[in-house]
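Written out below as structure tokens is the structure these notes cover.
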Amino acid sequence: MLAFAAGLAEVFLYSTGLAQRFLKLAYLGTLVGLLQAGLLYLYAQSLMFQEFKLRRQHLAHTLLFWVVGAIFVVEYYLQPDELKRQILLERDHPGVLTSPLMAAAIHLVFLGYLVATIGAIKTFGVNVRQIFSNIDYKQLNWLRALLLGYAVVWSVSLVYCLTAHVWKSDASVQWVSAAGSVTGFLFINYLLIHALRQPIVFSGLSAEESRLLASREEASMEAPADAELLARLECHMQQAKPHLDANLTVSQLARQLGIPARELSRAINQGRGKNFFEFISAYRIAEARRRLLADTDQTILQVMYDSGFNSKSVFNTAFKRTTGMTPSEFRARPPQAVAEAVEPSKAS
């Protein structure tokens, strides 16, 4: 957030004329703002993994700052004051560098980081389905949405820089400053609200869970799932009903069966062609269907909780995908119509 605020400070200094009065402050906000991209990537990693720590090799993510900083030291900060003023006067808009090539390169590096971070979050969202039966608040959708919006802003900024340098656009300074201020206000508040909530709702994958995910690719090369293990699993699911625990994880289920979590995950993936989340969700939907028809006095919300779900949106989506109906429609239709919608082969 400090790096982002520094970037906005460049707009402030330019718009108020302070950059002309304090020549050494000019471009400092832009330079510190260059740390945003790498820091956002590392921030995403810290949310995904509990064991994440800043290490020396992470300094590589500050490379853009040092390269551009060295260029500015030579081209601006070491120059006499008169030349500095001339450089600032020739700059038409805040944040637009004198060199269009440098401006485009910075934008492309930023966009590359944003795309890489969004991709990492998307992969993480797929991976948590291998571990958790409840994925609410674990997929970092809020951060992914924020970064997608930020990528759009940087894409627009790239076009703006090109128009300013190549086509000599006359876009007003007031419009640019206002757009930067609004973007900054929305970005900071959205990030701050969710960042404060994040440690409460999800603290990232543990070291054990991270190792389990790391072993998935290796496990996929092993022999097919054990039929006896699958039979034990199905029997346990029918008798103990562990899926009714809303926070069930693959490690917890593996301990109940007395087998390694890696072995259970492989059995579900290869033997049932599903990830852990889909496997448990199928049992919960079956339980919900039974309860909706057997106990009409229960509210749909209570059926949802009793079946192991704790998110209305996840429940409704999964239920409709499986039955083709919402829970309300399922309960309201006659038994024969329900049978035809759920099991068309038997109805025919």
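The values are calculated or read from the model by the stated rules, or taken from the named source; none is laboratory data. A quick note: this is a predicted structure, and the numbers were derived from the prediction, not measured. No Cβ is skipped: glycine too gets one built from the backbone with ideal geometry, and neighbour counts run over all protein chains shown. Ligands, DNA and RNA are stripped out before the accessible areas are found, and what is left, the full protein with its side chains, is counted by its heavy atoms. Shrake-Rupley method; radii C 1.70, N 1.55, O 1.52, S 1.80 Å.
Here, the stretch 1-128 yields an orientationally averaged convex hull projection of 8.7 nm² when only Cα atoms define the hull. Once the Cα-Cα distance is subtracted from the 0.36 nm per residue extended length, the Glu228 to Thr123 segment shows a gain of 34.7 nm. At R0 = 41 Å, how high is the FRET efficiency between Leu83 and Ala178 if r is their beta carbon distance? Nearest 0.05 is fine. It comes out at approximately 0.85.
When nucleic acids and ligands are ignored and a 1.4 Å probe is applied, Asp81 ends up with an accessible area of around 80 Å². Taking each of Lys53/Lys138; Lys274/Lys320; Lys53/Lys274; Lys122/Lys320 in turn, the alpha-carbon distance tops 22 angstrom for Lys53/Lys274; Lys122/Lys320. Remark on Leu205: its backbone amide H falls under 5 Å from those of Phe49, Gln50, a criterion applied only to residues 5 or more positions apart or on other chains, H modelled at 1.01 Å from N. Normalised per residue, the accessible area of the stretch 46-130 is 57 Å², obtained with a 1.4 Å probe and no contribution from ligands, DNA or RNA. Remark: spin-label model distance Leu196-Asp306 equals 3.9 nm, labels positioned 7 Å along the Cα→Cβ axis. Summing charges over neighbours of Thr299, with a neighbour being any other residue whose Cβ is under 14 Å away from its Cβ, gives 0 when K and R count +1 and D and E count -1.
Here the simple spin-label model places points 7 Å from the Cα toward Cβ, and for Lys241 and Gln57 these points are separated by 4.8 nm.
On the stretch 1-147, 66 percent of the accessible area sits on carbon and sulfur atoms, based on a 1.4 Å probe.
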